[in-house]
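Beneath this line is the structure, given in structure tokens, with notes to follow.
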Amino acid sequence: MKKIVAVWIATVLGVVADAQVVAPIRDAYGRTVILHGLNTAGGAKNSPGHQPWIQEKDVEREHRDLGWNAVRYLVFWGAIEPKKDSFDEAYLAKVRERVKWYTDRGMYVIIDMHQDVYGYGVGDNGAPEWAATYTRIKNLIPDKWPWWMQNMEPKVIHSFVTFWKYKKRKELQDHYIRSWLRVVDLLRDDPYVIGYDLMNEPHGGKVIKTLAGGFERQWLTAMYKRLIPAIRREDTMRYIFFEPRSFGTNFGMPSHLPKVNDTIVHKMVYAPHCYMKFVDIGGDYKPKDKKSLAKWFRRRDRETQMQQSSLLLGEFGLSSQKKDFDKYTQDILAGMDQRQASWTYWSGDPGGWGPLNRDLTPSPMMWQLLRVFPTAVAGQLVSFHFDPAAKIFEMEYISDDSIKAPTLISVPRLSMGDTYHWTVSGAEHYIASRDAANNNLQIMVSDPHARIRVTIRP
Ligand code: 9MR
């Protein structure tokens, strides 16, 4: 009872109500960067050539009309090294070409080494067929169960366990790392490639070991300890995005991942995913899901702090057919803004959960994902907030005149129109101007240490 009263008093006083602000991701000028964008795209997993559906004009539209400044771009070990010991250079050239479509426009690219259900051959996508192992027991899991239940298929468990038990077949992790290094080599001269997401939704195979924490404490940690230094020997500029296990944590359970250490530099972004149970298992967004979401946030807060990292919500998504899908989406996005954290929506494929219908017109989800947000802040970001109904944006930051680049605020043309009003207060000397070609409001402050307030409204 005493505890409840204490929490209530603390909440009323605003002590626990404040979400924790995460460590900033910084660009080459030292500005604080916030990333908003899409995963591009789920459809690449099993399409011929393993590329997403996009053409360059679709990327141009994201940049010009939608105001997103980032993409989480899916690549697959099985597409990079389909035959053991030989890289598919044609695939890699296509990845490079598509990555450039974004980076030529100043959009940031996070490379995601994707997998679901271990890999090609035994599961869905990820590892090459030659890196899968088989058992005689097959197909126990009915197709109509949620797709991730396929992780319980014996051949999938067997493959995962063989991969994680390094000494059992060292070549598997060694080749995974080598494939990563080929990607690093391919992209490292591109400054807008902001980082590498080491493995999508790592899963341990053995369910009990995974849920009880042994998988993250031992197997996953050991793999990260091999992969991170190998990448760092080649590239100290990029951020390392690392994930906890997906099973359970996506729903809001705590992760058991110990502190993951960088080497040489410290540029780490914790990159968990969020899928409340109702998204995967059925039903609408109910008060109990709201509570689970609050729990998801509290746990991720604790873990991000322990990891001394920045935070990217690498995936969240749902069908806009669900009742209150808009409230759910806004609860997530407001939570991310409060923490000054970044996000990438799952996924950019047209139709289904995507922000575009099949005919490429905006879907109901589009209007939830378009937000005014600071893409780069020259100084210390205090807070920012966007009210999607009134379309009012407010932000406060402390200027730092040693940063020789402007503060940039993305104002999506599709939702905010061509004309909007802005105010800047708190600075004696500043220039603010609209850069229509880049969907930005630019603010250059020359006061060394002023508390600046910006508002934008239609
Ligand atoms: O949304 C995707 C669904 O259509 C696929 O059947 C499934 C398996 O490939 O993957 C889904 O995407 C998942 C992503 O790959 C990993 N995180 C959770 C995503 C949504 O379930």
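Kindly indicate the residue of segment 113-122 that is under 21 Å from Tyr270 (Cβ atoms) and in contact with a Gly (Cβ under 7 Å, 6 or more places away or on another chain) and also nearest to the ligand (Cβ to nearest atom) among those meeting that condition.
Among those residues, the one meeting the criterion is Asp116.
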_Identity of the residue in segment 278-337, within 15 Å of the ligand (Cβ to nearest atom), part of a helix (DSSP H, G or I) and of a type in the set (A, V, I, L, M), that ends up surrounded by the fewest Cβ atoms within 10 Å (Cβ to Cβ)_ = Ile281
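From the list Gly195, Gly204, which residue is touching a residue at least 12 places away in the same chain (Cβ under 8 Å) and assigned to a loop (DSSP other than H, G, I, E, B)?
So the residue among Gly195, Gly204 that is touching a residue at least 12 places away in the same chain (Cβ under 8 Å) and assigned to a loop (DSSP other than H, G, I, E, B) is Gly204.
Within segment 414-458, which residues are of a type in the set (Lys, Arg) and at pLDDT 95 or above?
Passing the criteria: Arg451, Arg453, Arg457.
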_For the condition more than 17 Å from the chain's Cα centre (by Cα), within 16 Å of the ligand (Cβ to nearest atom) and under 18 Å from Ala70 (Cα atoms), what is the one hit in Leu356, Leu414, Leu408?_
Leu356
*Quick one: count up the residues across segment 119-151 that are surrounded by 24 or more Cβ atoms within 10 Å (Cβ to Cβ) and under 22 Å from Thr344 (Cα atoms).*
1
*Looking only at segment 45-86, and only at residues there that are assigned to a strand (DSSP E or B) and in contact (Cβ under 8 Å) with a residue 24 or more places away in the chain, the one that is nearest to Ala341 (Cα to Cα)*: Ala70
*Can Arg434 be described as of a type in the set (Lys, Arg) and free of Cβ contacts under 8 Å to residues at least 24 places away in the same chain?*
yes
*Sort out which residues of segment 384-412 are of a type in the set (S, T, N, Q) and either farther than 17 Å from Leu441 by Cα or outside any strand (DSSP E or B) (or both), and write them in order of number.*
Ser402
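Listed here are the residues, each with its yes/no results for (1) free of Cβ contacts under 8 Å to residues at least 12 places away in the same chain; (2) out of contact with any Ser or Thr (no Cβ under 7 Å at 6 or more places or on another chain); (3) assigned by TED's automatic domain parsing to the domain that holds Ile80.
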| site | (1), (2), (3) |
| --- | --- |
| Leu92 | no, yes, yes |
| Glu97 | yes, yes, yes |
| Tyr102 | no, yes, yes |
| Arg105 | no, yes, yes |
| Trp130 | no, yes, yes |
| Ser159 | no, no, yes |
| Phe163 | no, yes, yes |
*Out of segment 61-99, which residues are of a type in the set (A, V, I, L, M, F, W, C), in contact with a strand residue (DSSP E or B) (Cβ under 8 Å, 6 or more places away or on another chain) and within 27 Å of Leu369 (Cα to Cα)?*
Trp68, Ala70, Val71, Leu74, Val75, Phe76, Val95, Val99
*Among the listed residues Val21, Val5, which satisfies the condition of being at pLDDT 95 or above and outside the structural domain of Trp130 (by TED's automatic domain parsing)?*
Val21
*For residues that are over 19 Å from Pro362 (Cα atoms) and within 15 Å of the chain's Cα centre (by Cα), tally how many sit in segment 307-332.*
8
*Report, by residue number, each residue of segment 149-175 that is farther than 17 Å from Lys209 by Cβ and of a type in the set (A, V, I, L, M, F, W, C).*
Met149, Leu172
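Filter segment 123-140 for residues that are of a type outside the set (S, T, N, Q) and modelled with pLDDT under 95; which is farthest from the ligand (Cβ to nearest atom)?
Filtering segment 123-140 for residues that are of a type outside the set (S, T, N, Q) and modelled with pLDDT under 95, the one farthest from the ligand (Cβ to nearest atom) comes out as Arg136.
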*Which residues, taken from segment 89-106, are in a loop (DSSP other than H, G, I, E, B) and in contact with a helix residue (DSSP H, G or I) (Cβ under 6 Å, 6 or more places away or on another chain)?*
Arg105
*Do the conditions hold for Asp143, that is, is it of a type in the set (Asp, Glu), outside any loop (DSSP other than H, G, I, E, B) and within 16 Å of the ligand (Cβ to nearest atom)?*
no
*Pairs, first within 19 Å of Phe373 (Cβ to Cβ) in segment 328-355, second polar (S, T, N, Q) and within 16 Å of the ligand (Cβ to nearest atom), C-beta under 8 Å, six or more apart*: Thr344/Asn39; Tyr345/Asn39; Trp346/Asn39; Gly348/Asn39; Gly348/Thr40; Pro355/Ser363
*Could you please tell me which pairs satisfy a Cβ distance under 6 Å, a separation of 6+ or placement on different chains, a first residue in segment 261-276 that is assigned by TED's automatic domain parsing to the domain that holds Asp331 and among the charged types (D, E, K, R), and a second residue that is away from the ligand (no atom under 12 Å from the Cβ) and modelled with pLDDT of 95 or more?*
Asp262/Met268; Lys267/Tyr239
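Answer yes or no as to whether Tyr270 is over 25 Å from Tyr73 (Cβ atoms), buried (at least 22 other Cβ atoms within 10 Å of the Cβ) and at pLDDT 95 or above.
no
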*Looking at segment 254-277, which of the residues that are out of contact with any helix residue (DSSP H, G or I) (no Cβ under 8 Å at 6 or more places or on another chain) and assigned to a strand (DSSP E or B) is farthest from Val21 (Cα to Cα)?*
His273
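To keep it simple, each residue is scored yes or no on (1) modelled with pLDDT of 95 or more; (2) surrounded by fewer than 19 Cβ atoms within 10 Å (Cβ to Cβ).
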| residue | (1), (2) |
| --- | --- |
| Glu60 | yes, yes |
| Arg64 | no, yes |
| Asp85 | yes, yes |
| Met113 | yes, no |
*Number of the condition not met by Thr210 [criteria: (1) part of a helix (DSSP H, G or I); (2) within 16 Å of the ligand (Cβ to nearest atom); (3) farther than 18 Å from Leu257 by Cα]*: (3)
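The values are calculated or read from the model by the stated rules, or taken from the named source; none is laboratory data. Every value quoted in this text rests on a predicted model; they were computed, and no experiment measured them. Note that each Cβ is placed from the backbone with ideal geometry, even for glycine, and that neighbours are counted across all protein chains shown.
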